[in-house]
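Q: Starting off with a structure, shown below.
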Amino acid sequence: MTDKIQRACIVLFSGVFALIWLAVMAVCAADLKQSRQIGALAGVLGLLLLLVLLSAKKLLGSLWEKERFFTGVTAGIFVLMAAGLLYAAFELEVYPGWDFGSVYQGAVELAEDGCFSDNSSWYFTTYPNNVAVCMFLAGIFKLFGGFCSYITLGILLNVGLILLGLFFFWQLARRLYGVRYGAFGMLLCLFFLPFYMHTPIFYTDTFALPFVTGTLWSYQFREKDRRFLLLTGVILAAGYKIKGSLGVIFIALLIYLWLCRDSLRERLIRSLLLTLPFLALVGFLTVVPAKFSGLSAEESYRNEFPMEHWVALGLVDSGGYNADVYWMTASTEGKAEKEAVDRLFIRQKLEEYGASGMLAHLREKVVFTWGDGVYFAPEKLQRDPLKESWLHDWVLYYGKNYSYTYRYCNAVQLLLLGGILLSLLRNFMEKGRIRKIQAMQLSVFGIFLFLLIWETRSRYLVNFVPVFILLGLDAMQAIRNRLLLRK
C-alpha cells in the first residue's frame, strides 16, 4: 500500500466516522433529562481536566521528570480503586437474576453435582453462547468454593477481572502516551462510577474487560516480534467466547494490519498469525464445553435460538429485550424453523419501517445504547438486593440522591463521546498518518455498527470504556501539545 492510498483511507474513515459521531453526540445530548445542566457540567469537568494537564508540570516541579513518581501514583490509584470496588460490591450485593442468574445457577450445579438441572439444560441449549462462561465460573466455584459463599466468590472474581483489565489499560496507555498519561488515565478510571456500580454483577459485561484491554496491549508488541500476534489471537478468542461482541476487535485489528505499509507477504503472515489461533481456540471453546456439559444435541436443535433472533430484537423499540419477540422465537420448535420465523419477522419490520422509520428507530437505539451514562446498572441493582445500603440512595432510580449520580455520569459520558470525536479529528491534524490508536478507533466504530444491528444495551459497552478513555487521552495529548506550543 502506497503512502498516498494509506493516508486517503485513514482520512476517509475518519471523516465518515466523525460525521456519524457528531450526530450520535447531538442526539444523545438532546435526549438527556436536564440536558443544559449536564452539558454545562460536562464543560466544567472538561475544563478542569485540561487545567490539570496544563498545570501538572509546573505544580509537580522536579517530580514531573521522575517516572517512578507516576508509577507510585498509579499504584496508589489501584489500591484506592480496589478498596472502592470491593466496598461498592458488597454494599450493592444482589441475588443473581435474569441471564446472570441462569449462568450463576448453572455454575453452582456443575460445581456441586457435576451436571445441569432440567431448567439449566433448557437455558444452555437455548443460549449455548453462555456455556463457556458458565463452565469457567463453575471451575472457580469448584476450586475455591470452600472459602466463602459462591456469590462472594463471584464478586471477588469480578473485582479481580476489572482490576486486571485496568492494569492492561494502564500498560497500554503508558506504552502509547507515556507514564504520565498512564497515571492520568488511571485517575479518570478512579472517578468512573459505573465500574463500581457493576461490581456485584459478575457477568460477561465486566468479565470481558481484561480481554479487551489485554488484546489491544498484546497487539502493540507485534512490532517487536510478530509472534505476539499468536498471543493476541488467543486472548481475543477467550474474550470472544465470554462476550461475542468482542469479535469486532478481531476485524478491526485485521483491517489495521492491512492499513500498515508492510509488504504483501508480511501482511499475509501477520494476518494468519492473528487469525489461526483465534479461530482454533474459538472452535475448541465451542466444541469442548458442549461435549463436557452433558447437553443433549437433540435438545439443542429443538431449543437453540438462531443469530437472527438478536437481530429481530434489535429491530423493536429501543433495540433491547422484547417479550413478544422472545416468545415468537421460543414457541417455535427447531432451530431451522426458528430461523425462518425470525427472518420473516425481520423482513416484515424492515418493510414496515421504510427509510424514514428506520432512521427514527436507529436514532432511538443510539440514544438507548450510547446516551446512558450509568450503563444500565441501576436497573440491575434494584432487582433483588441482598441488603439495604446508603449507596442505594445514589445508584437506584428511586434513590433520593440519584439525580446527582445521573447528572455526573451523563456529563462524563458526554466527555467520553467528545474524546472519541476529537481523537478522530486528530487524524486530520496528522494528515492521515498511520497511528497506533487507529486500531482502537476501528474497534469503537465496529462496536457502534454491531450494536446498531444487534440487540443492544448500554451495559454491553462497559468493557469498552477503557478504549473510550484511551481515545480521550489521545485527544487530550493533542490539545495539550497545541496549547503549549502557542505559549
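The values are calculated or read from the model by the stated rules, or taken from the named source; none is laboratory data. Please read these numbers as outputs of a predicted model, since none were measured by experiment. Here the Cβ is made from the backbone with ideal geometry for all residues, glycine too, and neighbour counts use every protein chain on show.
Q: Against the condition among the hydrophobic types (A, V, I, L, M, F, W, C) and not in a helix (DSSP H, G or I), how does ILE434 come out, does it pass?
A: So ILE434 fits the description; yes.
Q: Checking VAL73 against (1) under 25 Å from ARG480 (Cα atoms); (2) at pLDDT below 95, which single condition isn't satisfied?
A: The number of the failed condition is (2).
Q: With the condition kept exactly as written, say whether any residue in segment 75-82 is farther than 16 Å from GLY185 by Cα and without any contact (Cβ under 8 Å) to a residue 60 or more places away in the chain.
A: no
Q: Considering only segment 199-220, state which residues are more than 15 Å from ILE151 (Cβ to Cβ) and assigned to a loop (DSSP other than H, G, I, E, B).
A: Scanning segment 199-220 gives a single hit, ALA208.
Q: Within segment 1-15, how many residues are touching a helix residue (DSSP H, G or I) at 6+ places or on another chain (Cβ under 8 Å) and outside any helix (DSSP H, G or I)?
A: Residues meeting the conditions: 1.
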